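Have a look at this one before I ask anything.
The values are calculated or read from the model by the stated rules, or taken from the named source; none is laboratory data. What you are looking at is a predicted structure, and each value in this text was computed from that prediction instead of being measured. All Cβ positions, glycine included, derive from the backbone under ideal geometry; neighbour counts span all protein chains shown.
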Amino acid sequence: MLRAEDTLTAYPWSSLVWYAAAQEHRPAWVRGDRLLGEYGIKVDTAAGREEFARRMEQRRRLEEDEQALAPIRRGWCFGSPEFRCQMLKKMDGELGEGHAGALRREYGQERAERVIAEELKRLGWTEADLMSQRKNAPGKLDLAARLRRETTMSLRWIATRVHLGTSKSANGKLHVV
């Protein structure tokens, strides 16, 4: 909506003009101190307002970089792995058909990993124990059966993750459980 050579203040519907203006020239509803404070600019001075406008222009240039925006445009969540994990935990029981496939897959895998951690703790096993136990060990089969009941993970994923062998042989073992 702006040409590359224009500044953000040239956009007629931008509130940046008000935030960049001195306090006495702003409408009462514009709280420059709050917005500047959010950006770590402690005092509403001409220098602080210029710094804020500079940061907004810098952000605009970054947003024009399609490669920099790819992670935001292609995923359901943008943030650290810890942040993603927190968001997935908050969705527990809230995920519906309207949510994106990538989100549902990631949620399903996160949920499955939590089930695995709970079962390993219950069994007193470690990941190494899970790998070293025989393919038809009762603990492994119980874990796999719980994953089938409580998650949307495929039999192939469960067989691989729990070390049950092929999905075909895992299917036969799980029908016995």
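Of (1) among the hydrophobic types (A, V, I, L, M, F, W, C); (2) touching a Leu at 6+ places or on another chain (Cβ under 7 Å); (3) modelled with pLDDT of 90 or more, Ile41 satisfies all except one. Which?
With (1) among the hydrophobic types (A, V, I, L, M, F, W, C); (2) touching a Leu at 6+ places or on another chain (Cβ under 7 Å); (3) modelled with pLDDT of 90 or more applied to Ile41, the lone miss is (2).
Could you run through the range 127-177 and say how many residues are of a type in the set (Val, Ile, Thr), surrounded by 15 or more Cβ atoms within 10 Å (Cβ to Cβ) and over 32 Å from the mean Cα position of the chain (by Cα)?
Total satisfying the criteria: 0.
Residue by residue through the range 31-51, note down the ones that are surrounded by 13 or more Cβ atoms within 10 Å (Cβ to Cβ) and within 28 Å of the chain's Cα centre (by Cα).
Matches in the range 31-51: Leu35, Leu36, Gly37.
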